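Novice: First, the structure itself, so that you have it in front of you.
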Amino acid sequence: MASHRTAAALWGVERPATDPVDVIVPTRNRTPRLAGVLIHRPRDLLDLRPIMRDKVPTCSPARMLVDLGAVDEGSVDAAMIAIMVSKVLSPIGIRAALARHSVRGRSGITPLRSALDRWVGDELPPDSLLESRMSALIADYDLPPVQFHAVVGGYEVDFLVIGTRIVLECDGWGTHGLDRDQFEFDRLRDADLTADGYITVHFTWRALTTSPQKVADRIRGVLARWS
């Protein structure tokens, strides 16, 4: 069955045209020889029920993501996001695949686990935690006070810097990155707010928690220019 990079392409992941053809042979008795084809005979035989993709027997998306990290770890992030965007596999399904395949010496596990951890790291926290973390940043860097969940121009925003027309928005993959309707709505809202004279500053939850100085500097710069 198609596997690794070839399976990624068959599952809709954009891949270089120069990729070799990857094929899994789920037996170690005999290796066929095919010009231009890389044959893989894995010891890990989980998730090897073939699924037809464009009339080609193909390994599951979960198996593909694990195996892709063994041959092209730099592409795992993009492949994982493409699979989630297409709703073929959820983050919960990817986490379950990691648990199934995580055995000592299994290649491909670390890149996929790192990719998933980075994605989860951009998930938005509960409102209470977001508000408290922003309040701490405002106090630590001596920034003007903000109003949480302010309504401006007919839209509810994350934060409005009080006494200004500057809006602060904390973005996360789960609510802003994978839902097409939400993505379109966010673009429309930003355009409407800009037309009403508001300046919107976007930052991620990860930036707020790991790089508060950079977030504060960005807010201060916008304040100096537009407030």
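Novice: Scan segment 83-96 and report the pairs whose first residue is farther than 14 Å from L10 by Cβ and whose second residue is of a type outside the set (V, I, T) and not in a helix (DSSP H, G or I), with Cβ atoms within less than 7 Å and a gap of 6+ or a chain change.
Specialist: Cβ pairs passing all conditions: M84/S90; M84/L178; V85/L178.
Novice: In segment 4-55, what count of residues is obtained for those that are of a type outside the set (K, R) and within 19 Å of S86 (Cα to Cα)?
Specialist: 13
Novice: Which ones in segment 21-66 are surrounded by 11 or more Cβ atoms within 10 Å (Cβ to Cβ) and polar (S, T, N, Q)?
Specialist: Hits for segment 21-66 are T31, T58, S60.
Novice: So, D72, is that one in the same structural domain as P26 (by TED's automatic domain parsing), over 20 Å from P26 (Cβ atoms) and among the acidic types (D, E) or not?
Specialist: When the stated conditions are applied, D72 passes them.
Novice: Quick one: which of T18, T6 is buried (at least 16 other Cβ atoms within 10 Å of the Cβ) and of a type in the set (S, T, N, Q)?
Specialist: Only one candidate passes the filter, namely T6.
Novice: Here is a further query. If the Cβ limit is 6 Å and pairs must be 6+ apart or interchain, which residue in segment 67-79 that is over 13 Å from R106 (Cα atoms) and basic (K, R) pairs with which residue that is modelled with pLDDT under 95 and surrounded by fewer than 23 Cβ atoms within 10 Å (Cβ to Cβ)?
Specialist: Cβ pairs passing all conditions: none.
Novice: To continue, here is another question. Need the failing condition index for Y155 against (1) farther than 30 Å from A62 by Cβ; (2) at pLDDT below 90; (3) in contact with a His (Cβ under 9 Å, 6 or more places away or on another chain); (4) of a type outside the set (K, R), just the number.
Specialist: Status for Y155: all satisfied but (3).
Novice: Which of the numbered conditions does A136 fail, given that it passes all the others? Conditions: (1) among the small types (G, A, S); (2) touching a helix residue (DSSP H, G or I) at 6+ places or on another chain (Cβ under 6 Å); (3) surrounded by fewer than 13 Cβ atoms within 10 Å (Cβ to Cβ).
Specialist: A136 satisfies all of (1) among the small types (G, A, S); (2) touching a helix residue (DSSP H, G or I) at 6+ places or on another chain (Cβ under 6 Å); (3) surrounded by fewer than 13 Cβ atoms within 10 Å (Cβ to Cβ) except (2).
The values are calculated or read from the model by the stated rules, or taken from the named source; none is laboratory data. Note that this is a predicted model, so its numbers are computed, not measured. Virtual Cβ from ideal backbone geometry, glycine too; neighbours counted across all protein chains shown.
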